[in-house]
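The values are calculated or read from the model by the stated rules, or taken from the named source; none is laboratory data. No experiment lies behind these values; they were computed from the predicted model shown. Cβ: placed from backbone, ideal geometry, glycine included. Neighbour counts: every protein chain shown.
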Number of protein chains: 2
Amino acid sequence: MDKNIKMTVAYDGSAYHGWAKQRDTVSVQQTLEEALAALFEKKVNVCGASRTDAGVHALGQTANMVVDTPIPLENIKRAVNNILPADICITDIEEVPLDFDPIGSPVKKHYRYTIYTGTGKPVFSWRTLWHYPRPLDTAKMAEAGKLMEGTKDYKSFASAKDYRTDSIRTIFQCSVKAEGEFVIIDVVGRRFMYNMVRNMVGTLVEVGRGRWKPEKIQEIFAARDRRAAGQLAPPNGLCLMKIYY
Amino acid sequence: MDKNIKMTVAYDGSAYHGWAKQRDTVSVQQTLEEALAALFEKKVNVCGASRTDAGVHALGQTANMVVDTPIPLENIKRAVNNILPADICITDIEEVPLDFDPIGSPVKKHYRYTIYTGTGKPVFSWRTLWHYPRPLDTAKMAEAGKLMEGTKDYKSFASAKDYRTDSIRTIFQCSVKAEGEFVIIDVVGRRFMYNMVRNMVGTLVEVGRGRWKPEKIQEIFAARDRRAAGQLAPPNGLCLMKIYY
């Protein structure tokens, strides 16, 4: 009998062309499907909650598959982790009701962006942060982050590639804190548009380096134009932390 | 007038086929020479103290170059670091006497090997450690490490590829400590043979997992045969920490 199996997946995205399967590139989804196919000896479709971009990481990507298998879930997890490369791991596995849908069911998603402001090149950790070797005013960034919270029109923070007409979104939290030479930005929202978190981070950095005052954020929202916001922050600082159901 | 310039170089070796230049592969040495050539607009030869293997890292590789340049050293460092990829960095630069030779002059070298014994796959740090997901008895390993110190014949720990006839070496320190789920092995010696540290680590792991008693180390030394020692530990756990002059 078919089981709906929910998996939490962690990965270092630096070697992958994002989560979603695409022709001629290596994706996390495809790599996971191949590992599952090797175990089950048949094609398995995996559906992920978030299409993370090339170079973006995850601690808590959530995916499901519907399979008819007698293998205990913990054994599936262990076997697939042994097949998967070192930079992808199923951290959690559980059976869920057949109507559970990873894309439609999330209540909220938590993304974290990490900036390193030290001057030394972080040769061992550059894959998982944005190296911005200049001081950032995190108090001002936190003020600006507050102004990014709420239910409003995030069109200025959507990629021009995002053709969805509805750009109203809810951001529950956009907090900024300094931890030594690191700046940690936590963004929690209901749903996101393409590049939205990275555009928010790029805008916060403009505030942090003093080019814009925090109040500028209101102007950017009002503009409803991608060109009003800051630069797109690089993918490597971004990590999908957790999806809440 | 020619200057002898000493550089301390840090790198994540996972994307490189080792330090030393080789035909048809990308090495750290070649990448550094290309960055320097781009700055000086002429070919520059860089000589490194240690030929680290593919996948081995360094915090304190030491290299020199002899160049006639009016550019202040700090400016060379900054400019070259901007040209170099994110995983290689000159951390220190200084002028030294013309007779300074990075290969011949070292007093001692410090290598560190890191093992992770946790069961979870370390998706973000697998490049810089050996994931060995079973408990290791570090007290026994430390005992065995002590027996690896001294001035003696390390032939059993030399790669079969090492054709040097003299296998007498001095190891000042071979210490093992547990830090949570990590095992840290520090090896300090005067000179090393090919694969020597990784063969020592592989042997210590055989002791740690209970296959051999610490006293077995004396037998291994007496055998003067690579086959008497443990397996070769993978390169990613190894880091050249510092070279003392």
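Structure data summary
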item	result
Filter result for A:ASN64 (in contact with a Lys or Arg (Cβ under 7 Å, 6 or more places away or on another chain), in the same structural domain as A:PHE40 (by TED's automatic domain parsing) and either surrounded by 17 or more Cβ atoms within 10 Å (Cβ to Cβ) or without any contact (Cβ under 8 Å) to a residue 24 or more places away in the chain (or both))	yes
Segment B:190-204, residues that are surrounded by 23 or more Cβ atoms within 10 Å (Cβ to Cβ) and farther than 21 Å from B:THR165 by Cα	B:VAL201, B:THR203, B:LEU204
Among the candidates A:LYS121, A:LYS108, A:LYS140, residue that is of a type outside the set (S, T, N, Q) and without any contact (Cβ under 8 Å) to a residue 60 or more places away in the chain	A:LYS121
Residue within segment B:45-57 that is over 21 Å from B:MET196 (Cβ atoms) and either outside any strand (DSSP E or B) or of a type in the set (Lys, Arg) (or both) present	yes
From B:LYS43, B:LYS21, residue being of a type in the set (Lys, Arg) and within 26 Å of B:LYS108 (Cβ to Cβ)	B:LYS21
Residue list for segment A:80-90, filter: within 9 Å of chain B (Cβ to nearest Cβ), more than 30 Å from A:ARG190 (Cβ to Cβ) and among the aliphatic types (A, V, I, L, M)	A:LEU84, A:ALA86
Residue that is touching a Gly at 6+ places or on another chain (Cβ under 7 Å) and more than 14 Å from every other protein chain (Cβ to nearest Cβ), where the choices are B:MET141, B:MET148	B:MET141
Which numbered condition B:ALA86 misses (of (1) in the same structural domain as B:ASP186 (by TED's automatic domain parsing); (2) without any contact (Cβ under 8 Å) to a residue 24 or more places away in the chain; (3) not hydroxyl-bearing (Ser, Thr, Tyr))	(1)
B:CYS89 surrounded by fewer than 20 Cβ atoms within 10 Å (Cβ to Cβ) and touching a Pro at 6+ places or on another chain (Cβ under 9 Å)	no
Odd one out for A:MET148, checked against (1) assigned to a loop (DSSP other than H, G, I, E, B); (2) not assigned by TED's automatic domain parsing to the domain that holds A:ALA223	(2)
Residues that are facing chain B (nearest Cβ under 9 Å) and not basic (Lys, Arg), drawn from segment A:91-131	A:THR91, A:GLY120, A:PRO122, A:VAL123, A:PHE124, A:SER125, A:TRP126, A:THR128, A:HIS131
Residue match in segment A:201-216 (condition: farther than 19 Å from A:ARG112 by Cβ, under 20 Å from the mean Cα position of the chain (by Cα), part of a loop (DSSP other than H, G, I, E, B) and of a type in the set (Gly, Ala, Ser))	no
Residue that is farthest from B:GLN173 (Cα to Cα), among those in segment B:105-126 that are touching a helix residue (DSSP H, G or I) at 6+ places or on another chain (Cβ under 8 Å) and surrounded by fewer than 21 Cβ atoms within 10 Å (Cβ to Cβ)	B:PHE124
Residue list for segment A:60-79, filter: within 14 Å of chain B (Cβ to nearest Cβ), part of a strand (DSSP E or B) and not polar (S, T, N, Q)	A:GLY60
Whichever residue in segment A:8-51 is touching an Asp or Glu at 6+ places or on another chain (Cβ under 7 Å) and within 14 Å of another protein chain (Cβ to nearest Cβ) and, among such residues, is farthest from A:ASP99 (Cα to Cα)	A:ALA15
Residue that is nearest to A:ALA54 (Cα to Cα), among those in segment A:217-237 that are under 17 Å from the mean Cα position of the chain (by Cα) and of a type outside the set (Gly, Ala, Ser)	A:PRO235
Residue in segment B:125-143 that is more than 21 Å from the chain's Cα centre (by Cα), of a type in the set (Asp, Glu) and in a loop (DSSP other than H, G, I, E, B) present	yes
Some residue of segment A:220-240 being assigned by TED's automatic domain parsing to the domain that holds A:THR170 and on the phi > 0 side of the Ramachandran plot	yes
Segment B:17-76, residues that are more than 17 Å from B:GLU95 (Cα to Cα) and among the polar types (S, T, N, Q)	B:GLN22, B:THR25, B:SER27, B:GLN29, B:GLN30, B:THR31, B:SER50, B:THR52
Any hit, segment A:166-186, residues being outside the structural domain of A:ALA58 (by TED's automatic domain parsing), out of contact with any His (no Cβ under 9 Å at 6 or more places or on another chain), of a type in the set (Lys, Arg) and in a loop (DSSP other than H, G, I, E, B)	no
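For (1) free of Cβ contacts under 8 Å to residues at least 60 places away in the same chain; (2) within 13 Å of the chain's Cα centre (by Cα); (3) part of a loop (DSSP other than H, G, I, E, B); (4) closer than 21 Å to B:SER125 by Cα, each residue gets a yes or a no:
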{"residue": "B:MET1", "(1), (2), (3), (4)": "no, no, yes, no"}
{"residue": "B:ILE5", "(1), (2), (3), (4)": "no, no, no, no"}
{"residue": "B:LYS21", "(1), (2), (3), (4)": "yes, no, yes, no"}
{"residue": "B:THR25", "(1), (2), (3), (4)": "yes, no, yes, no"}
{"residue": "B:ASN81", "(1), (2), (3), (4)": "yes, no, no, no"}
